[in-house]
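What follows is a single structure, written as structure tokens, with notes after it.
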Amino acid sequence: MGSERLRGPAVEALRASGKGRLRYFPHWSAEQGQEILEGYRSPPELSPHAGWVLGRIAPLPREEMPEGSAPGEAALPKAAPALPVSPCGVTAPHAEAPSVTQCREKRRDPKGPGIEGLLRLYERILAAEGEEELERRLELQDRAGRAAWGESWELLKRFDELRELKYHQEWQQLRQEVEKSSKEAQGQQEKLKEEHQLRAKLLSRKLREAEQRRLRQEEVESQRREEGQGRLRHLYAVQEELLQINQSLGADCRQPGLPANLAGYANRGNQICGEVSALVRLASERGFPDPADVAAADQALLEMRSLVSRLQEELSLAAEQRKRQEEVAAVAAQAEKEKNEKMPSQKPEKAPIPDSGKARRNGLQAKPDEKTLQWYQQLQHQLDQCVVSFGCLTNSKDSQEKKIKMDLQKAVTTPVSQISTRAGSQLKEIFDKINALLSGKPVRSGGQSVSVALHPEGLNFAYYKLAEKFVKQGEEEVASHHEAAFPIAVVASGIWELHPKVGDFLLAHLHRKCPYAVPVRPALQEGASPEDYRRLLGYQAHDSKLEAQDNFLKRMSGMIRLYAAILQLRWPYGDGQGNHPHGLNQAWRWLAQILNLEPLADVTATVLFDFLEVCGNALMKVYQAQFWKMIILIREEYLPRIEAITGAVEMGSFIRLKQFLEECLRRNEIPLPKGFLPPSFWRS
């Protein structure tokens with residue numbers, strides 16, 4: 001009953017309180033929730049009435065309160081306005097705060113403390129529940145907001161990624177289009193550039209061809225002019241030489257005491273000079289002479305030189321005949337005189353015969369027989385004629401002819417310098433190259449094609465230089481390395497067999513540098529100095545000084561060894577039908593000739609030893625007993641003659657020859673020479 005009695009006033013009090021006047025919304029809207037969330041997200045702030053509320057809830061102790069103030073009043077800020085409080089102690093939001101006196105008066109009300117306490121308790125319970133509900137709702141709202149925010153953030157990221165992807169795709173597509181257009185433009189540009197370069201090349205080629213044609217025409221014209229000038233100079237030189245020869249020819253023909261038939265030489269010389277003068281006059285009128293004019297002039301020069309050589313022979317024969325007649329007359333006069341002187345004594349004696357000791361002494365000759373001497377002179381004459389035949393090529397000032405001469409000389413001498421004992425296949429290549437050149441075929445030399453057909457005198461020039469090179473190899477290479485004689489000799493023998501002129505010129509060069517290869521001993525001319533005579537014997541002069549004896553013997557040894565090797569070797573790849581062009585019969589002739597001559601100190605022993613060491617085995621196999629008879633003859637009769645003229649300083653070569661002969665006779669065999677090419681050599 002008591003509670004029912006108090007329910008009406010309590011309800012009215014609750015409705016009149018500030019809490020009762022509050023408006024509650026069971027369903028919050030999104031806008032209100034957003035505002036509440038914004039309020040909670042903002043940093044916390046204290047209300048301007050916080051001090052007053054705190055003072056009411058937890059009053060300060062009395063000892064700390066200022067004098068004359070009620071409890072809770074000290075905590076209020078002076079500037080803070082008082083908020084109205086409901087009768088139950090809750091602050092009204094829009095009412096002014098009640099004064100302290102009014103609150104005390106209400107507390108003194110005997111009916112108030114019980115209801116007010118219950119209300120306060122109820123308010124606290126409701127406030128706690130409201131706070132819990134508020135916190136729960138706030139937490140839910142916060143979770144919903146966070147979820148919405150996370151979802152929106154993910155959506156925003158996906159949107160950004162999608163937008164970025166579209167941007168990259170568009171950029172890549174644009175870039176590909178730009179690159180494609182750039183490549184197309186570049187391709188068109190390259191195509192235009194290639195077309196431009198092609199047109200430029202064509203134009204440049206046409207210009208270059210036109211320039212080359214112009215230069216070739218100028219070069220041909222210049223060359224034709226130079227050749228014409230060279231031919232004209234050559235004609236002038238030939239005419240000058242002919243006039244000089246004719247002048248000397250006339251002087252020789254006008255000598256007193258000569259036969260009347262020699263006057264024809266002078267007449268023919270005058271005719272030749274007149275013909276060449278007319279030829280030069282016509283060539284000068286035409287501008288430049290033709291090659292036919294030069295050939296005619298050269299032929300005239302050759303005829304003039306031949307005329308001079310025949311005249312010299314006639315003069316020599318006439319001089320010898322006159323000298324012989326004078327000697328016969330002198331001998332006859334001397335015999336008549338002695339006869340007249342010895343008539344009173346009645347002791348007739350035979351008229352003295354001219355001493356022939358100059359030709360033969362102690363059963364030996366001072367010079368070879370007449371046939372060998374004629375053969376020697378004939379070879380020398382052929383060599384001189386060969387030099388005359390290519391005189392235009394060697395004396396030409398024309399650059400083209402000079403180049404032909406140098407190329408031919410290099411093409412001939414270079415393969416000979418490459419001959420070695422390395423392999424038979426290499427020798428065959430060298431032989432084929434030389435043979436092809438001499439046969440008129442073009443060969444490669446120095447990176448260019450060379451042929452003897454490039455010049456009318458090219459073949460004779462090649463013959464001469466090749467023979468000279470073979471002899472020079474014997475003089476230098478064989479002299480230093482004795483075994484080198486055999487590969488050089490086998491190539492020389494093969495070329496000699498196919499081209500006989502090379503063999504003749506080789507012998508002529510060999511005889512000129514080494515007269516002991518004939519063998520011949522040049523006669524000492526009247527008025528000649530000992531130095532000149534030693535030059536005739538094969539000595540070389542350097543700076544007006546003759547070479548040393550050791551060097552001289554070394555060169556002679558090399559050439560004799562090469563000659564001895566040529567005599568016994570043949571080219572293994574030849575047909576082998578004919579005889580050796582200069583075989584072992586010539587070796588036997590040479591050996592017999594040198595044994596019939598008076599020996600020379602140091603020289604005869606040297607050449608005999610070299611010849612027998614190289615060619616002795618081959619001679620032994622062919623001539624057998626006859627060869628051994630000759631060896632015994634050398635040891636028994638010829639060695640004492642060599643020893644008799646050999647001084648103590650020159651005994652080395654004599655002792656070497658003597659020991660060699662004694663060893664061969666003891667063993668009854670002459671060994672193969674060192675470096676002889678075995679059959680296996682040609683299979684390498």
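The values are calculated or read from the model by the stated rules, or taken from the named source; none is laboratory data. Just so you know, these numbers come straight off a predicted model, no measurement behind them. Note that each Cβ is placed from the backbone with ideal geometry, even for glycine, and that neighbours are counted across all protein chains shown. Remember, those area values only see protein heavy atoms, side chains included, never the ligands or the DNA or RNA. Shrake-Rupley method; radii C 1.70, N 1.55, O 1.52, S 1.80 Å.
So here's what we get for this one:
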| item | result |
| --- | --- |
| Helices (runs of 4 or more DSSP H) enclosed by the stretch 443-534 - at least 3 residues per element that are more than 32 Å from the chain's Cα centre (by Cα), under 18 Å from Leu553 (Cα atoms) and not aliphatic (A, V, I, L, M) | 500-513 |
| Which numbered condition Gln593 fails, given (1) within 24 Å of Leu506 (Cα to Cα); (2) open to solvent by 60 Å² or more (accessible area, probe 1.4 Å) | (2) |
| Residues that are open to solvent by 20 Å² or more (accessible area, probe 1.4 Å) and among the aliphatic types (A, V, I, L, M), drawn from the stretch 271-293 | Ala278, Leu279, Leu282, Ala292 |
| Residue among Asp575, Asp610, Asp602 that is of a type in the set (Asp, Glu) and either open to solvent by less than 10 Å² (accessible area, probe 1.4 Å) or closer than 16 Å to Pro673 by Cβ (or both) | Asp610 |
| Residue ID - nearest to Val607 (Cα to Cα), chosen from residues in the stretch 624-660 that are polar (S, T, N, Q) and not in a helix (DSSP H, G or I) | Thr646 |
| Of all residues in the stretch 442-457 being touching a residue at least 60 places away in the same chain (Cβ under 8 Å) and of a type outside the set (Asp, Glu), the one that is surrounded by the most Cβ atoms within 10 Å (Cβ to Cβ) | His455 |
| Qualifying positions in the stretch 97-137 - open to solvent by less than 60 Å² (accessible area, probe 1.4 Å), part of a helix (DSSP H, G or I) and at pLDDT below 80 | Val100, Cys103, Gly112, Gly114, Ile115, Glu116, Gly117, Leu119 |
| Any pair with Cβ under 8 angstrom, 6 or more apart, that starts in the stretch 672-684 at a residue that is farther than 19 Å from Ala618 by Cα and open to solvent by less than 100 Å² (accessible area, probe 1.4 Å) and ends at one that is at pLDDT 85 or above and part of a loop (DSSP other than H, G, I, E, B) | Trp682/Pro572; Ser684/Ala423 |
| Qualifying residues in the stretch 406-441 (those that are open to solvent by 20 Å² or more (accessible area, probe 1.4 Å) and closer than 18 Å to Leu393 by Cβ) - the one modelled with the lowest pLDDT | Gly440 |
| Residue within the stretch 600-620 that is in contact with a strand residue (DSSP E or B) (Cβ under 6 Å, 6 or more places away or on another chain), within 24 Å of Arg521 (Cβ to Cβ) and charged (D, E, K, R) present | no |
| Out of Gly652, Gly647, sole residue that is over 30 Å from Ile488 (Cβ atoms) and at pLDDT below 90 | Gly647 |
| Subset of the stretch 646-668 [open to solvent by less than 80 Å² (accessible area, probe 1.4 Å) and within 13 Å of Asn617 (Cβ to Cβ)] | Phe660, Cys664 |
| Those residues of the stretch 661-679 which are farther than 20 Å from His482 by Cβ and not in a loop (DSSP other than H, G, I, E, B), in sequence order | Glu662, Leu665, Arg666, Arg667, Pro679 |
| Tabulated pairs, the stretch 219-242, first more than 16 Å from Asp298 (Cβ to Cβ) and of a type in the set (Asp, Glu), second assigned to a helix (DSSP H, G or I) and open to solvent by 50 Å² or more (accessible area, probe 1.4 Å), C-beta under 9 angstrom, 6+ apart or interchain | Glu226/Ser399; Glu226/Gln400 |
| Breaking point among (1) under 60 Å from the mean Cα position of the chain (by Cα); (2) open to solvent by 100 Å² or more (accessible area, probe 1.4 Å); (3) not polar (S, T, N, Q), for Arg146 | (1) |
| Evaluation of Pro640 against (1) surrounded by 12 or more Cβ atoms within 10 Å (Cβ to Cβ); (2) closer than 23 Å to Gln593 by Cβ (one fails), failing number | (1) |
| Matching residues, the stretch 238-257, being closer than 20 Å to Ala318 by Cα and either at pLDDT 80 or above or open to solvent by less than 40 Å² (accessible area, probe 1.4 Å) (or both) | Leu249, Gly250, Asp252, Cys253 |
